1. How many residues does the range 34-92 hold that are of a type in the set (S, T, N, Q) and more than 20 Å from the chain's Cα centre (by Cα)?
2. Looking at the range 43-62, which of its residues are open to solvent by 80 Å² or more (accessible area, probe 1.4 Å) and part of a helix (DSSP H, G or I)?
Amino acid sequence: MSVSGIGVSVGAATGLPQNRQQSATAPDSAEQQFLDYMKEPPTQRMEDAWLKSHGLTRQELDAMPADKRAAVLKQMANDLRQQMEKDATNKTGNTARSTSNIENGINILV
């Protein structure tokens with residue numbers, strides 16, 4: 001049984017709007033996707049963004065032959081290093097200090 005109001009249907013069992021009931025139980029709800037995304041380490045989010053911008057998924061990367069995968073990872077590390085250096089320069093104007101921190105972070109990727 002449900003009760004209808006102005007543009008909202010309320011389910012009898014929970015009192016929540018029916019669309020809210022569905023999203024609360026949906027395994028791929030936007031809220032759950034966001035929570036899962038925020039649990040990822042920043043380096044993984046950067047890697048995933050880089051892969052997406054190059055039309056690749058993590059599964060496709062994992063399925064590549066070792067030599068091709070190594071080349072893609074090398075290119076990813078170079079691109080991310082350049083982007084981080086650019087971002088650090090824009091923020092601080094001091095590339096010397098930022099570069100050593102960037103190199104430490106990039107070593108994790110490779």
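1. Result for the range 34-92: 3.
2. 52, 53, 59, 60, 62
The values are calculated or read from the model by the stated rules, or taken from the named source; none is laboratory data. Every value quoted in this text rests on a predicted model; they were computed, and no experiment measured them. To get the accessible areas, we keep the full protein, side chains included, count just its heavy atoms, and leave off ligands, DNA and RNA. Shrake-Rupley method; radii C 1.70, N 1.55, O 1.52, S 1.80 Å.
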